[in-house]
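These notes are about the structure you will find just below.
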Amino acid sequence: MSEGGCCVSLGQCFFDYYTTKILVIRSRKVGTLNRITQALVIAYVIGYVCVWKKGYQDTDTILSSVTTKVKGIAFTNTTELGERVWDVADYIIPPQEDGSFFVLTNMIITPNQTQSKCADIPTSASLCSSHKDCKRGFNDARGNGVWTGRCVHFSDTVKTCEVLAWCPLEKTDEPPDPPLLADAENFTVLIKNSIRYPKFNFNKRNILPHINTSYLTQCVFNRETDPDCPIFSLKDIAKEAQEDFQTMAVHGGVMGVQIRWDCDLDMPKSWCVPRYTFRRLDNKDPDNNVAPGYNFRFAKYYKDIDGKEVRTLIKGYGIRFDVMVFGEAGKFHIVPTLLNIGAGLALLGLVTVICDWIVLTFMKRKHHYREQKYTYVNDFGLLSNEDA
Amino acid sequence: MSEGGCCVSLGQCFFDYYTTKILVIRSRKVGTLNRITQALVIAYVIGYVCVWKKGYQDTDTILSSVTTKVKGIAFTNTTELGERVWDVADYIIPPQEDGSFFVLTNMIITPNQTQSKCADIPTSASLCSSHKDCKRGFNDARGNGVWTGRCVHFSDTVKTCEVLAWCPLEKTDEPPDPPLLADAENFTVLIKNSIRYPKFNFNKRNILPHINTSYLTQCVFNRETDPDCPIFSLKDIAKEAQEDFQTMAVHGGVMGVQIRWDCDLDMPKSWCVPRYTFRRLDNKDPDNNVAPGYNFRFAKYYKDIDGKEVRTLIKGYGIRFDVMVFGEAGKFHIVPTLLNIGAGLALLGLVTVICDWIVLTFMKRKHHYREQKYTYVNDFGLLSNEDA
Amino acid sequence: MSEGGCCVSLGQCFFDYYTTKILVIRSRKVGTLNRITQALVIAYVIGYVCVWKKGYQDTDTILSSVTTKVKGIAFTNTTELGERVWDVADYIIPPQEDGSFFVLTNMIITPNQTQSKCADIPTSASLCSSHKDCKRGFNDARGNGVWTGRCVHFSDTVKTCEVLAWCPLEKTDEPPDPPLLADAENFTVLIKNSIRYPKFNFNKRNILPHINTSYLTQCVFNRETDPDCPIFSLKDIAKEAQEDFQTMAVHGGVMGVQIRWDCDLDMPKSWCVPRYTFRRLDNKDPDNNVAPGYNFRFAKYYKDIDGKEVRTLIKGYGIRFDVMVFGEAGKFHIVPTLLNIGAGLALLGLVTVICDWIVLTFMKRKHHYREQKYTYVNDFGLLSNEDA
């Protein structure tokens, strides 16, 4: 019957069904161990991978578009400028940006600058006693202008090299404290966010369907009472990020407005809602507060009566709000489901390996089990336990 | 021969080859069932996972850089401004942005504003009959300025609280309809997009190799005739997004220019081309058109002959075009390939479990099969079917 | 004993332990083959998937915020403008952006433009001999203004259609070479980057803990000597990207500053550091240099003594630096670990299939092995090899 193993014809062979021969060990100990291990694996696969981690879902990353609109009026009363009111067109720079906005909160103003020559700000490099200390044409990357080669009086007692620059130079002062636009904490911002998960053709806005125009004209976001209102008070944003707005306003900073859209698209569309969190992005580590704050210089250009260009230089300190939209959408898909089921089944196979090892190593009757389980055959002849 | 199962020496044991004992059932029914189920699993793994979903590929997400250049001239003829021509420097605000551009299409201009005092716009809050109705220093976040504490004539019949503000105040009007810059629909924009898949060190631009300068000076994107031309007419963009440009131009809006780069890097590089789609991002749901459109305020600052600051406030309505670049590149990689093959094999194991269950439960000769498949041994003795 | 296979009670059946019957082949050849193949699979799973590709880790994508600050002074001496110094407020446009900054390096200035009528720039379309060649109101998207319908002298010999436009028109010249702001190569930029991996609640900045203020005031990034300094010289950036700054400055361009944060969060936090690379983003292919460079037009608006609007149009060429932050963080997680182990186990199962095939097809004693391995039973009766 040596040919019995071979197929008589290929067609017959094709329909042979191969199934492993099984040894059934009727033992409460082994059985219990086996079932507990199986239960653990199945609980992990179903409970953790499938239900908790949603392993049966295909995921997609977010596409997002953000527009913002700040409202508010600030009032300042300084000796330089007198009484002055600041509105949106004054303190939002640039007037529109994609997914980010900057609110001016403090500034150092240097008015009436013209292209001319004046004494440099005294530093170790610019102090001089005679013209030959000042190299003509010298242009330091961190300086204020180009040296003309002359040494002139900065004040009655101090002489510095003359520079060709926008004169008068900006005084390298600390910014005013309290900040000039302290009223900025009462400003509000409407953040409109439209998202899309392209793989699932799913679109949504953060102005939820139940929000109507009358609510939108008077609501302000509050985590407890108005969690869906897309209008935020700048003071509240700072407070939620554990920052003090007035302190932050002096030197400026960067604030992250995080909008998380974690959506289970197997659930109703209305369950997919944005979650807002706020976090200061610059200078988190207290040990490492190098180069703090956020500021930049910009100028308003005028022409005087003679047609000469005059500018007002503003070193603006303020808070940049970066709207960061992130999240993941999941929806049932057959590939990840089967991938996880397959991996789970493979893990179930591992259970048998462990139980076998325990049965054949630690059980009292291990020799009996072994004899039943294994049939030996070696290269030089057959040594099955049936022969024994 | 109880020691026969144990290895005589460890070295010998190491070279033992363990293979399961198999029961071959020669039955057309079971065989057919088995083969069909196997075929389904294999077809799924090879056809769907490998070929369709490209499960053998490692994927990477895109890095993108976008620059845009708008061209076009708009002509307006209003009583306020007279005949006027608008070019790129007038209607693109700010002049350059990263991955986004704003085209001014409509506006409310308030010229010659100065810091001064004037009667507030009549609202339920600002109407007054005497000075004591106006609290000095009151500053509403949604107001126009700071109250001076006086009640003055807004018109012959209406009295409102006086505000310190940029006066004259902007009239809270609806924007002009038809829009001021109706010509904007003829503007064109050249979008230059450079992408990179860092994991595969793959770079490409949306100006494809076959596009030459002469084509680029005269082409306009058309889905049928010029699908590779990176120059888009603003009117066509609106039309492709099922929007009417002139209607949208009145209150403004946000338009998404989606560039999808889905690249199979196992294929020739030239097959990886951008696909353009257009979608309006704001206000998609007709039931939920709260806070529609897109506008922002900005100002041009002047100095009058006395050196006093004067500004022209512009409430600009327009269309912001957000260029959204997304896509995924895939390339053959051994890890995902083997992960999917492994999971597929595990699923093939499932086939045997199902077939076994059918054979041993529903087949006529199930008892014979069972006797052959199972050998029983219990804790108290051996009960193999050979003994029976 | 036909009922022996069935469980006497369900409870008893539940504790049955099923284990496959195994044929042990004691053959050096097969054993060696088997062990080698197993070793390969295990080495792949442990070595490549787990250690090299970190298959045991869950991954997260980055959230990033970037602020930049450019420093430097440029000096120009032209016949039009005379001696002039350019500082940050002059050459950074717009003054602040999110994750990107533009440095003006070259320009074509057209001063004193007003809304008026002048002869168009001569092109094939605008040349004319009489008024009837010029269609009144014609407005070409790529033109300079709106035709008034008159044909006027552009120069003594050339007549072109008159346009209503910002006159005088910009001369369609090539930009100056060498570039006007050639000094821009000495500018430095401080890039502050704050990142977050939201899934792992991990934040870090590119100003590393060991960097102190005094180092930050004088360091410049250098791949060998100062790899952690976040201040970059524009010239060095161009050099690292294999570009010549002065050549690039003439027509402008787009430069990518890539910051890669690949973090293994199972390791100490201090091992997670940014890696900087630089790459030119526009116009990489030498064969395909269509529409090279980067420029845009912007204007400064003035009012003359009569209150008429006058502007200075600037066609600004320059380098836009896009800061692209990317990377992936990984941290041990049980799901991907078990997924990979499961797939690895399934692959180990494949080893047995291959070895079986070799043993039963190529080995000399294949018939003996087959007889031992297979037990045949067919639909019409039992044909086990025990019967043989």
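Scanning the range B:157-178 for residues that are free of Cβ contacts under 8 Å to residues at least 40 places away in the same chain and either farther than 14 Å from residue B:121 by Cα or of a type in the set (Phe, Trp, Tyr) (or both) turns up just one, B:174. If you go through the range B:134-159 and keep only what is facing chain A (nearest Cβ under 8 Å) and among the polar types (S, T, N, Q), you end up with B:139, B:144. Checking each residue in the range B:212-268 for being within 13 Å of another protein chain (Cβ to nearest Cβ), open to solvent by 30 Å² or more (accessible area, probe 1.4 Å) and within 19 Å of the chain's Cα centre (by Cα) picks out B:260, B:262.
Among the numbered conditions (1) at the interface with another protein chain (Cβ under 8 Å from one of its Cβ atoms); (2) modelled with pLDDT of 90 or more, the only one that residue B:349 does not meet is (2).
All but one of (1) open to solvent by less than 60 Å² (accessible area, probe 1.4 Å); (2) among the small types (Gly, Ala, Ser); (3) modelled with pLDDT of 90 or more hold for residue C:129, so report the exception by its number. Against the list (1) open to solvent by less than 60 Å² (accessible area, probe 1.4 Å); (2) among the small types (Gly, Ala, Ser); (3) modelled with pLDDT of 90 or more, residue C:129 comes up short only on (1).
Within the range C:118-156, being touching a residue at least 24 places away in the same chain (Cβ under 8 Å), over 25 Å from residue C:310 (Cβ atoms) and of a type in the set (A, V, I, L, M, F, W, C) holds for C:127, C:128, C:134.
Taken together, B:202, B:187, B:154 contain a single residue that is open to solvent by 60 Å² or more (accessible area, probe 1.4 Å) and over 26 Å from residue A:216 (Cα atoms), which is B:154. Pairing residues of the range C:215-240 that are free of Cβ contacts under 8 Å to residues at least 12 places away in the same chain with residues that are open to solvent by less than 10 Å² (accessible area, probe 1.4 Å) and assigned to a loop (DSSP other than H, G, I, E, B), at Cβ distances under 7 Å and at least 6 apart in sequence or on separate chains, gives C:226/C:219.
Residue check: is residue C:140 surrounded by 18 or more Cβ atoms within 10 Å (Cβ to Cβ) and under 47 Å from the mean Cα position of the chain (by Cα)?
Answer is yes for this residue.
Does residue A:302 qualify as being of a type outside the set (Asp, Glu), open to solvent by less than 40 Å² (accessible area, probe 1.4 Å) and closer than 30 Å to residue C:308 by Cβ? Yes: the conditions hold for residue A:302.
Inspect all residues belonging to the range C:54-73 and state whether any of them is open to solvent by less than 40 Å² (accessible area, probe 1.4 Å) and under 30 Å from residue C:374 (Cα atoms). No. Sub-8 Å Cβ pairs linking a first residue in the range C:244-263 that is on the phi > 0 side of the Ramachandran plot and assigned by TED's automatic domain parsing to the domain that holds residue C:233 to a second residue that is modelled with pLDDT of 95 or more and surrounded by fewer than 20 Cβ atoms within 10 Å (Cβ to Cβ), at least 6 apart or interchain, number zero. Scan the range C:157-184 for residues that are open to solvent by 10 Å² or more (accessible area, probe 1.4 Å) and either aliphatic (A, V, I, L, M) or part of a helix (DSSP H, G or I) (or both) and the total you get is 6. Restricting the search to strands (runs of 3 or more DSSP E) fully inside the range C:28-117 and requiring at least 3 residues that are more than 30 Å from residue C:184 (Cα to Cα) and either touching a residue at least 40 places away in the same chain (Cβ under 8 Å) or away from chain B (no Cβ under 11 Å) (or both) gives C:57-61.
Residue-level analysis places residue A:343 among those that are farther than 25 Å from residue C:97 by Cβ, touching a helix residue (DSSP H, G or I) at 6+ places or on another chain (Cβ under 7 Å) and of a type in the set (A, V, I, L, M).
With respect to being within 30 Å of residue B:117 (Cα to Cα) and more than 9 Å from chain B (Cβ to nearest Cβ), residue A:121 falls outside the description. Taking the range B:190-262 as the region of interest, the strands (runs of 3 or more DSSP E) fully inside it that hold 2 or more residues being under 16 Å from residue B:327 (Cβ atoms) are B:202-205, B:253-260. Residue B:280 passes all but one of (1) over 21 Å from the mean Cα position of the chain (by Cα); (2) open to solvent by 10 Å² or more (accessible area, probe 1.4 Å); which number fails? Failing condition for residue B:280: (1).
For the range A:325-346, filtered to residues that are of a type in the set (A, V, I, L, M) and at pLDDT 80 or above, the residue that is least open to solvent (accessible area, probe 1.4 Å) is A:329.
Here residue C:109 meets the list (1) within 44 Å of the chain's Cα centre (by Cα); (2) open to solvent by less than 30 Å² (accessible area, probe 1.4 Å); (3) of a type in the set (Val, Ile, Thr) almost entirely, failing just condition (2).
The values are calculated or read from the model by the stated rules, or taken from the named source; none is laboratory data. A quick note: this is a predicted structure, and the numbers were derived from the prediction, not measured. Cβ: placed from backbone, ideal geometry, glycine included. Neighbour counts: every protein chain shown. Note: accessible area is taken over every heavy atom of the protein model, side chains too, but ligands, DNA and RNA are not part of it. Shrake-Rupley method; radii C 1.70, N 1.55, O 1.52, S 1.80 Å.
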